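Coordinate-derived values only; no laboratory data. Computed from a predicted structure; not experimentally measured. Cβ coordinates were reconstructed from backbone atoms using ideal geometry, including for glycine residues, and neighbour counts include every protein chain displayed.
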There are 2 protein chains.
Amino acid sequence: MRRKTEATRQRIIDAAYECFWRAGYARTSLDTIADRAGVTKRTLYSYVRSKDDLLAAVMSHHDALAAQRLKRIGDRMPIDRDGLIESFFGQLSGWASATPRWSGSGFTRLVVELADLPGHPARALARRVKGATETWLAGRLAQAQVHDPAERASEIMLLMEGAMALTLIHGHRRYIDAASRAAKRLVGVPARRPLRAG
Amino acid sequence: MRRKTEATRQRIIDAAYECFWRAGYARTSLDTIADRAGVTKRTLYSYVRSKDDLLAAVMSHHDALAAQRLKRIGDRMPIDRDGLIESFFGQLSGWASATPRWSGSGFTRLVVELADLPGHPARALARRVKGATETWLAGRLAQAQVHDPAERASEIMLLMEGAMALTLIHGHRRYIDAASRAAKRLVGVPARRPLRAG
């Protein structure tokens, strides 16, 4: 019985994540989520009290997934700074092209959608996940002997968030490639042109 | 009579813009917009047929405003590359700090909110506005004798979009300063540390 309960709960969370990620938080109804999870609305309400409650459950589950994803990204990364950056943006590009109607980071989208609600618990979680990613990046850059790894990690976060926004806006991935080239210049990988040529 | 009609129409558009920008498109009702514009819902319906219709009117008005804003930003910019970038990000920082509950670019937010609707007319407009900004930037960089101005303009767009997302996520403006420093390094302004020190 307990096993069945856990499986249903997880199915509801997965359905909610999928719907929120596709259509955003505000435009997703509990009816749509129940439909997608294959449960009645009555069953859904026996697991969660409200859409906000469900969002909290979705986000805390995806907080754990985000940590696993970083580990997986890291496992595929070479340790040299050039390869590290190519691999990081290459994996972003692969994700964007492998996902039908890709729409960027779910955490970023949620923050944008809840921009007028700075106190919303989902925003604190998004802040923590992004902060953890930046700290993790700084650690990898330090291992690769990159100078001033904390500042470079902030820059890579800037380029990554910018690349996701512009990929979504323009509908092609050339901004991810441009972000990768810029990141390589910033960490000091020799560019084809001298860096001060500007 | 015509003057009054135009004034009311503009008041409705301004109210809608304000509401969409604050709370996003999906979470804003026509009731809220009518309230804010100080008109009855019946009056509102004599000007627009639907929320989508109103969004189209808001966006085409703000397309014109975006062009004026670029001109104003440009008028304040020095022509040297160092000053140009400091002024660009400085104006972004000033906007973010002067606006209560600042929530970034309305065009970007709308694209994020409508991520699952690539064919929505608002998305085509956002694409055009962002493209125009990038072209305008490339022109300014070319005037400042920056090498490869088109690529540098893409990088500044990446850093700007990233800075808006991370400012919204973390709630402070240090990412705008980091974006400005990174942009200066990328266009080849001498940094305090040698650029290849990485």
**Computed Rg/Rh of the stretch B:1-158, alpha carbon atoms with Kirkwood Rh** = 1.03
**Reduced Cα scattering model of the stretch A:1-55, Debye log10 I(q)/I(0), q = 0.18, 0.20, 0.30 Å⁻¹** = -0.50, -0.62, -1.32
**Asked** When all alpha-carbon pairs of the stretch A:79-197 are counted, what percent fall beyond 19 Å?
**Response** 51
**Request:** Whole Å is fine, so just give me how far the alpha carbon centre of the stretch B:10-72 lies from that of the stretch B:128-143.
**Result:** 27
**Item:** FRET efficiency estimate (nearest 0.05) - Cβ-Cβ, B:Ala7 to B:Asp116, R0 45 angstrom
**Value:** 0.80
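What number, in percent, do you get for the relative contact order of chain B if the mean sequence gap of Cα pairs under 8 Å and at least 6 apart is divided by its residue count? Don't skip to the answer; put the middle values down first.
Working: 143 pairs, mean separation 38.2, N = 198.
Result for chain B is 19 percent.
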**Asked** Pairs A:Lys41/B:Lys41; B:Lys71/B:Lys184; A:Lys130/A:Lys184; B:Lys71/B:Lys130; A:Lys41/B:Lys51; B:Lys41/B:Lys130: which are spaced more than 24 Å apart, C-alpha to C-alpha?
**Response** A:Lys41/B:Lys41; A:Lys41/B:Lys51; B:Lys41/B:Lys130
**Complete:** Per the 1/(1 + (r/R0)^6) rule, R0 = 45 Å and r from the Cβ atoms of B:Arg42 and A:Arg128, FRET efficiency to 0.05 is 0.45
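Does the protein assembly as shown come out rounded, prolate or oblate, given a ≥ b ≥ c as the square roots of the eigenvalues of its C-alpha gyration tensor, rounded meaning a/c under 1.5 and, failing that, prolate meaning a/b above b/c? Walk me through the intermediate numbers first.
Numbers: a/c = 2.28, a/b = 1.14, b/c = 2.00.
Since a/c reaches 1.5 but b/c is at least a/b, the shape of the protein assembly as shown is classed as oblate.
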**Message:** I need the inter-copy label distances for B:Thr5: point set 7 Å along Cα to C-beta, values in nm with one decimal, smallest first.
**Reply:** 6.5
**Prompt:** Give me the log10 of I(q) over I(0) for the stretch B:56-101 at q = 0.18, 0.20, 0.29 Å⁻¹, as the Debye formula computes it from C-alpha points; what are the numbers?
**Reply:** -0.65, -0.75, -0.99
**Request:** Please report, in debye to the nearest 20, how large the charge dipole of chain A is about its Cα centre when each Lys and Arg carries +1 at its beta carbon and each Asp and Glu carries -1 there.
**Result:** 360
**Request:** Run through the other copies and list how far each one's label point is from that of A:Gly38, in nm with one decimal, shortest first; the point sits 7 Å from Cα along Cα-Cβ.
**Result:** 5.7
**Item:** Normalised per residue, the volume of the convex hull around the Cα set of the stretch A:31-112 (Å³)
**Value:** 127
**Request:** Along Cα-to-Cβ, 7 Å out, sits the label point; list in nm, shortest first, how far the one on B:Gln145 is from those in the other copies.
**Result:** 3.6
**Prompt:** With each pseudo-label sitting 7 Å past Cα toward Cβ, what's the A:Ser50-A:Ala64 distance in nm, one decimal?
**Reply:** 2.5
